[in-house]
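One structure below.
The values are calculated or read from the model by the stated rules, or taken from the named source; none is laboratory data. No experiment lies behind these values; they were computed from the predicted model shown. Neighbour counts are summed over all protein chains in view; Cβ atoms, including those assigned to glycine, are modelled from backbone coordinates with ideal geometry. To get the accessible areas, we keep the full protein, side chains included, count just its heavy atoms, and leave off ligands, DNA and RNA. Shrake-Rupley method; radii C 1.70, N 1.55, O 1.52, S 1.80 Å.
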Amino acid sequence: MRISDDRSISVFFSFFLVIAVIQSCRNSPNETRKSSAGNEVLSAERLSIERFDGYTRVTVFNPWQGQQNIAMEYYLVRSGAAIPEGIDSANVIFVPVHKMVCMSVTHSAMIEALGCGDCIIGQSGINLVWSPSLKLKIQERKIPEVGYDSGINTELIMKLSPDVLIMYGIGNESAGYVNKLKDAGVKLVYDADYLENTPLGKAEWIRLFGALLCRDEAADSIYTSEAELYNHKAEIIRNETGTRPEVLLGFPYKGTWYISPGNSYISRLISDAGGSYLWEDTRSERSMPYGIENVFTRAIKADFWLNPGIAESKRDIAAVDSRLADLPCYAGDNIYNNIKRLNSSGGNDYWENGAVHPSMLLQDISEILHPGLSPDSSLVFYKKLK
């Protein structure tokens, strides 16, 4: 499995081609592309948004792990308008959409950030939802569990009759349940945010939901504000820090340590926060499996240890392998996990607001690696393990 962040390790496997989004959420008859290239997207490598007269084209590139040369196009047409000539009606989505099923909590977080939480009528992994407002709707049985991957409840989804179902490509389009949903007329839109290699690239997928919900201006405002905050903070860190502490990431799972490569989302986040990731010199399209012994020999150099799986204390770490207690960062009490905003059902706001607002993640990690850099700041998503 490719890792663009450390997500699969953090939840212990409990578990956005370019999307060209058409800004046809206006009634202007003479819409044109906003740039010579036609793509409105700035940071996301797998998302493209192009606006034409009468429709918006959304193209998603390579939405599955390890895939190349795949482009999936969606045409967004204003509800009540005629489908422009030459466009395949099978790829048309009428906007704004009003009913959405989400296969990731990051999807629902972006929808909520746009003020459209009431559009969510189904969710995969409801036990992983952190949002208090969505949790209430789940408790009131307004948002049912729709399952995951091969266990997806196709009958329930067809009964819910969503305008769109937002997928992410862990498997591939040939999976049986995908064909079953397509045959039933369910519109599937692939979101590849989790495959982006930069925090801002991931956050910019909010533009996809802005296009689907006709909330383009709100999406642009949220992303632009985040980009400005993130880049400003990263510049301050570069200018005001001299040392770059070494950082270890992750945790072993059944004897194997799945290492995020140096071209991953989390590696970029650590670098921008003024740290040096122990495997920043590596490049891979997938996570890299290492034995604990191999990790240990390099981890001896680590000044800090971040995101150690589901560990809530140092004792939890030592219980998995007593040798880990010999690491200097363990003895020095420099272990931090992204579990501060974790609710009783397992929902973690790190994957929700953290994905929408990467400047907050950058602030947390920079404060861990360079204490006092931001006076009066406190950790939002991270907590020190004791």
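Overview of values
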| item | result |
| --- | --- |
| Residue within segment 229-241 that is outside any helix (DSSP H, G or I), over 18 Å from the mean Cα position of the chain (by Cα) and surrounded by 15 or more Cβ atoms within 10 Å (Cβ to Cβ) present | yes |
| Flag if ASP349 is at negative phi, open to solvent by less than 60 Å² (accessible area, probe 1.4 Å) and at pLDDT 95 or above | yes |
| From the options ARG268, ARG286, residue that is outside any helix (DSSP H, G or I) and either on the phi < 0 side of the Ramachandran plot or open to solvent by less than 30 Å² (accessible area, probe 1.4 Å) (or both) | ARG286 |
| Verdict on LEU181 being crowded, with 20+ Cβ neighbours inside 10 Å and in a helix (DSSP H, G or I) | yes |
| Residues located in segment 127-157, provided they are open to solvent by 40 Å² or more (accessible area, probe 1.4 Å) and under 20 Å from ASP193 (Cα atoms) | TRP130, TYR148, ASP149 |
| Residue in segment 209-227 that is on the phi > 0 side of the Ramachandran plot and touching an Asp or Glu at 6+ places or on another chain (Cβ under 8 Å) present | no |
| Counted residues, segment 361-384 - those being farther than 17 Å from TRP305 by Cβ and crowded, with 20+ Cβ neighbours inside 10 Å | 2 |
| Of residues in segment 302-341 being in a loop (DSSP other than H, G, I, E, B) and of a type in the set (Lys, Arg), the one farthest from LYS135 (Cα to Cα) | LYS340 |
| Among (1) open to solvent by less than 30 Å² (accessible area, probe 1.4 Å); (2) out of contact with any Cys (no Cβ under 8 Å at 6 or more places or on another chain); (3) of a type in the set (Val, Ile, Thr); (4) within 26 Å of TYR253 (Cβ to Cβ) - the single one ILE335 does not satisfy | (2) |
| In segment 342-379, the residues that are within 26 Å of LEU208 (Cα to Cα) and in a loop (DSSP other than H, G, I, E, B) | GLY347, GLU352, HIS357 |
| Pairs, first among the hydrophobic types (A, V, I, L, M, F, W, C) in segment 81-107, second surrounded by fewer than 16 Cβ atoms within 10 Å (Cβ to Cβ), C-beta under 6 Å, six or more apart | ILE83/SER89; VAL92/ILE83; PHE94/SER79 |
| Residue match in segment 100-114 (condition: more than 26 Å from SER150 (Cα to Cα), under 21 Å from the mean Cα position of the chain (by Cα), aliphatic (A, V, I, L, M) and in a loop (DSSP other than H, G, I, E, B)) | yes |
| Extreme residue, farthest from CYS116 (Cα to Cα), among residues of segment 158-176 that are at pLDDT below 95 and open to solvent by less than 20 Å² (accessible area, probe 1.4 Å) | GLY169 |
